[in-house]
Amino acid sequence: TERDADTVMRFRELVERHYRNHPPLDFYARKLGVTAARLNACCRATTGKSSLALINDRLLTEAKRNLLYSDMTVNEIGAALGYADPAYFNRFFSRNVGLSPGRFRERLLPGQTRAVAG
């Protein structure tokens, strides 16, 4: 419905502002005046993805962008995305992409010399 689409649009705007801080879904739901279950239902109905999947997609987009277009190390990218422990960032990225961040960078930028940790 139009109302669901509006909720998802406002959710994506909040995600854009807060994804680096990793707030729980309840944070977003409270800001939008809905329950976490309702937020998830709106996201699924509008995009076919859960609210958590949309947050993870945003984190992955930023991680990939940094891996491809910056000289930051993998550890620096993880820290910039709010991961206090580099291992958590590596696991998150590997689980969702199927490659470690370092391998992702190597595959897409062969022959590039970069300082890559991880």
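The charge dipole of the range 1-91, taken about its Cα centre with unit charges on the Cβ of Lys, Arg, Asp and Glu (plus for the first two, minus for the last two), comes to roughly 240 debye. Relative contact order for the chain: 22 percent, from Cα pairs under 8 Å spaced at least 6 residues apart, divided by residue count.
Magnitude of the charge dipole for the range 2-51, about its Cα centre and with charges confined to Cβ atoms of Lys, Arg (+1) and Asp, Glu (-1), is about 120 debye.
The value given for the range 53-105 is a Kirkwood hydrodynamic radius of 10.7 Å, derived from the mean inverse Cα-Cα separation. Based on DSSP H segments of at least four residues, each scored -39500 (n - 2.57), the chain has a per-residue ellipticity at 222 nm of -22000 deg cm²/dmol.
For GLU2 and LEU60, a Förster radius of 25 Å and the Cβ-Cβ distance give a FRET efficiency of 0.30, rounded to the nearest 0.05.
Compared with the dominant Cα axis of the chain, that is its longest principal axis, helix 36-47 is turned about 70°. Here the contact order of the range 2-51, divided by its residue count and restricted to Cα pairs under 8 Å and six or more residues apart, works out to 42 percent. Positive end of the dipole of the chain (Cβ unit charges, origin at the Cα centre): among LEU99, PHE89, ALA79, the Cα lying farthest that way belongs to LEU99. Pick out, from CYS42, THR61, PRO23, the residue whose Cα sits farthest towards the positive end of the charge dipole of the chain, with +1 on the Cβ of Lys and Arg and -1 on the Cβ of Asp and Glu. The one lying farthest along the dipole's positive direction is CYS42.
The numbers here are math on the coordinates, done by the rules we state, and not lab data. Keep in mind it's a predicted model, so treat the numbers as computed, not measured. When we count neighbours, we look across all protein chains shown, and the Cβ atoms used for this are built from the backbone with ideal geometry, even at glycine.
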